[in-house]
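Before any comments, here is the structure.
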Amino acid sequence: MIDVTAADEIADDVRARSNVARLAAAQALTGANSAVIFATGSIVGATLAPDISLATVPLSMYVVGLAAGTLPTGAISRAYGRRTAFIIGAGCGMLTGLLAAYAILRGSFVLFCVATFLGGLYGAVSQSYRFAAADGASAAFRPKAVSWVMAGGVFAGVLGPQLVQWTMDIWPPYLFSFSFLVQALVALVAMAILVGVDAPKPAPADLHGGRPLLEIARQPRFIAAAFCGIVSYPMMNLVMTSAPLAMQMCGLSVSDSNFGIQWHIVAMYGPSFFTGSLIARFGAPKIVAVGLALEAAGAAIGLSGITAMHFWATLIMIGVGWNLSFIGASALVLETHRAQERNKVQAFNDFLVFGMMAVGSFSSGQLLANYGWSAVNMVVFPPVLLGLAVLAFASLARRRARSRTVPEFPDPSI
């Protein structure tokens, strides 16, 4: 019986590895969508918006799209399979590029915000790639599957900003309009790759059953996972959203901004090649804690100066911290649910993360315009400290549960 189980796990991991390759490629191309938006959104917003304080609203609309798309992505995946959700998301990515280019040509701030909202819907679907990679995989392979898919974002860190650099001036005086047309083509390529993902429609037995969502969400492990995700992603987003416009306000060039965003995205995804192994060796809570500490360190660098090097170092440090904390938090989520519960739990976790991002994102423009770059960095510290405290509480609760020899968390393979 043990041999049969081992053989089944090997077969499942072979399928999972095949999916990981496709999902990592799709992650790279989908990440270029967000890279283009974050590299250009606040600059285009400053050009089209009626007031400079509204410059980051297009980026906030992207985050609103992220939040709005999480629960529908889970529902579509649960009813029709993940692949259907992936294709719909890529379609939203194509519309993002086409509509954004048209908005720049027409000089319409509202249309540009609608385009970035659609980009957020595409991004929401792409967030489920990491969880899809773990579907059916053995417990030992799951953290690596999540991590390797996220590693696809390294290519996005090169492709997105370079795409902007190569195409931003092709249609003068409509800066970045051609960049978004190329981004629509990239989304079409991603769709073609995602069609081949082996993610069948869930079995009827998986559509029902499982524990109520509230019962799952009350677990200390889930609370820690969701809260650390809520801290790590919004804080990273706050700094990344503000940095291009802050660099422009400090007299730095668009090329300096593109370079900073490029290496920020590389730093976000580059550690993914070994983050899964670190989680397997040291445990997810420790990796999350290190990641949160690195985000705080990045904010401290941002407070120390306003040269291009200071901005670049801040963005790189924040990116590495995000990678460790967010992938670690995602691995924690996988420990809190059973197979038939995964879509609703994963979607709910992402809704919490991106919903909080949406709330905070609208304040980034006002924060930068009224209080400056230093204030943006100062905001990072209190949530990080609170996240570390929640993580410590959950770890303590688990140790106490183990000492009573009563399992507090379900076996995710059940």
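A few notes on this one:
- Residue within region 85-95 that is open to solvent by 10 Å² or more (accessible area, probe 1.4 Å), over 23 Å from the mean Cα position of the chain (by Cα) and farther than 15 Å from residue 351 by Cα present: no
- Single match in 253, 257 (criterion: polar (S, T, N, Q), open to solvent by 10 Å² or more (accessible area, probe 1.4 Å) and either free of Cβ contacts under 8 Å to residues at least 24 places away in the same chain or over 24 Å from residue 352 (Cβ atoms) (or both)): 253
- Residues (among the hydroxyl-bearing types (Ser, Thr, Tyr) and within 19 Å of the chain's Cα centre (by Cα)) located in region 270-310: 272, 275
- Whichever residue in region 221-237 is of a type in the set (A, V, I, L, M) and within 19 Å of residue 153 (Cβ to Cβ) and, among such residues, is surrounded by the most Cβ atoms within 10 Å (Cβ to Cβ): 235
- Condition check for residue 53: surrounded by fewer than 24 Cβ atoms within 10 Å (Cβ to Cβ), within 15 Å of residue 242 (Cβ to Cβ) and not aliphatic (A, V, I, L, M): yes
Each row is one residue, and each column tells you yes or no for (1) charged (D, E, K, R); (2) assigned to a loop (DSSP other than H, G, I, E, B); (3) touching a His at 6+ places or on another chain (Cβ under 6 Å); (4) open to solvent by 60 Å² or more (accessible area, probe 1.4 Å).
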| residue | (1), (2), (3), (4) |
| --- | --- |
| 337 | no, yes, no, no |
| 343 | no, no, no, no |
| 347 | no, no, no, no |
| 354 | no, no, no, no |
| 358 | no, no, no, no |
| 362 | no, no, no, yes |
| 377 | no, no, no, no |
| 384 | no, no, no, no |
| 391 | no, no, no, no |
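- Residue within region 194-213 that is in contact (Cβ under 8 Å) with a residue 12 or more places away in the chain and surrounded by 24 or more Cβ atoms within 10 Å (Cβ to Cβ) present: yes
- Subset of region 260-279 [over 11 Å from residue 312 (Cα atoms), surrounded by fewer than 21 Cβ atoms within 10 Å (Cβ to Cβ) and either of a type in the set (Phe, Trp, Tyr) or without any contact (Cβ under 8 Å) to a residue 60 or more places away in the chain (or both)]: 273, 274, 278
Residue-by-condition table, conditions (1) open to solvent by less than 60 Å² (accessible area, probe 1.4 Å); (2) among the polar types (S, T, N, Q):
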{"position": "138", "(1), (2)": "yes, yes"}
{"position": "146", "(1), (2)": "yes, no"}
{"position": "152", "(1), (2)": "yes, no"}
{"position": "163", "(1), (2)": "yes, no"}
{"position": "173", "(1), (2)": "no, no"}
{"position": "177", "(1), (2)": "yes, yes"}
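- Residue within region 312-326 that is part of a loop (DSSP other than H, G, I, E, B), open to solvent by 10 Å² or more (accessible area, probe 1.4 Å) and touching a residue at least 24 places away in the same chain (Cβ under 8 Å) present: no
- Residue match in region 351-372 (condition: over 24 Å from residue 124 (Cα atoms) and modelled with pLDDT of 85 or more): yes
The values are calculated or read from the model by the stated rules, or taken from the named source; none is laboratory data. From a predicted model like this one, the values you see are computed outputs, not experimental measurements. Please note: Cβ atoms are built from the backbone with ideal geometry, for glycine as well, and neighbour counts cover all protein chains shown. The protein model used for the area step is the full one, side chains on, heavy atoms only, and it has no ligands, DNA or RNA in it. Shrake-Rupley method; radii C 1.70, N 1.55, O 1.52, S 1.80 Å.
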